[in-house]
Amino acid sequence: MPGSKLLSMACALPLAFACLSPGSSCKEKQSTQSGNSNRPSANQVKSQANKPNVTAIPEGVWGGVHVHMQITNQGADIEYDCAHGKILEPLTLDREGRFQAKGTHVLEGPGPIRQGATSDALPASFTGNVSGKIMTLKVMLSATSEQVGTFTLTQGSEGRIRKCG
């Protein structure tokens, strides 16, 4: 009988040590695995490195001589002396403070617009840069590469527009 107790203890003792030793519990393995889940994978690091740092241009009114622009999180509405336009995508700046976006440009004629008459919206590209509260905006018609104009706008300014007449 004393031999069987000794044999039982010899089998049970290593089993008890295995259960109590650090690094062998299921709970610890889960926490080690979940600790690694917070680290970015190699693919995540690559995609973050390839994604340029961009900053949204502040929403609100920007204006200057012959131009008024209302920026939203979806793009912008622009009024000129004898035209208007729309930027059809969010305006974001790259690391050097530059932006480029696509939109439309519509020429307006003098006098009232006839009822039912529509002006054709021409595809346009909008490029420029922002430094502090000052923006330089270049507008170009996409189909002809004709430059509509270059404007200097100030954040918070309504601008000064004289409609064709």
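Derivation of every value follows stated rules applied to the coordinates shown; laboratory data play no part. Owing to the predicted nature of the structure, the values given are computational and were not obtained by experimental measurement. Note that each Cβ is placed from the backbone with ideal geometry, even for glycine, and that neighbours are counted across all protein chains shown.
Quick notes on this one:
- Take the convex hull of the alpha carbons in segment 57-165; its mean projected area over all directions comes to 6.9 nm².
- Fewest-first ordering of 77, 120 by other beta carbons within 10 Å of each residue's beta carbon gives 120, 77.
- For residue 64, the shell of other residues with beta-carbons less than 14 Å away shows a net charge of +1, using +1 for Lys and Arg and -1 for Asp and Glu.
- Table column - 3J(HN,Hα) (Hz), segment 123-139, Karplus curve with 6.51, -1.76, 1.60, x for Gly and Pro: x, 9, 10, 10, 10, x, 8, 10, 10, x, 9, 10, 10, 9, 10, 10, 10
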